[in-house]
Amino acid sequence: MTKQINIWSFILSLCFVFLFFLMPGTESIFGLHPLYLLFFITIFTFILSLIGFLGIQNWKGAVRSIISVVLTLGLAAILIFILFVGSL
């Protein structure tokens, strides 16, 4: 189960980095700015990637987990800067 969480958190983190570049041109979704929605989903994916550390069985799983954590933390930091400080 945790191995699947590890794989899905990696896939989701790659998708959300891709979505980050597509979101600024879209309008509000469900009354929220798209970057707020992306921020909340990124935090959820970060938690999943931390849970995915339990599913490490070999070096590939470790690299996948580390990449997931770094991508989600980086994206969350950029989104925090954009949403709460200003714009890029």
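The values are calculated or read from the model by the stated rules, or taken from the named source; none is laboratory data. The model shown is predicted, which means the values in this text are computed figures rather than measured ones. Ideal geometry is used to build each Cβ from the backbone, glycine not excepted, and the neighbour counts take in all protein chains shown.
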- Message: Under 6 Å between Cβ atoms, which residue pairs at least 6 apart in sequence (or on different chains) link something in the stretch 23-51 that is in contact (Cβ under 8 Å) with a residue 24 or more places away in the chain with a partner that is of a type in the set (G, A, S)?
- Response: T42/A76; T45/S9; T45/S13; L48/S9; S49/S9; S49/S68
- Taking into account only those residues within the stretch 52-66 that are assigned to a loop (DSSP other than H, G, I, E, B) and in contact (Cβ under 8 Å) with a residue 40 or more places away in the chain, which is surrounded by the most Cβ atoms within 10 Å (Cβ to Cβ)? I56
- Which one of these is under 16 Å from the mean Cα position of the chain (by Cα), on the phi < 0 side of the Ramachandran plot and surrounded by 19 or more Cβ atoms within 10 Å (Cβ to Cβ): F16, F40? F16
- In this structure, does T26 turn out to be modelled with pLDDT under 85 and touching a helix residue (DSSP H, G or I) at 6+ places or on another chain (Cβ under 8 Å)? yes
- Message: Residues that are of a type in the set (G, A, S) and modelled with pLDDT under 85: does the stretch 63-75 have at least one?
- Response: no
- Query: If you go through the stretch 1-42, how many residues are more than 15 Å from I66 (Cα to Cα) and of a type in the set (A, V, I, L, M)?
  - Reply: 11
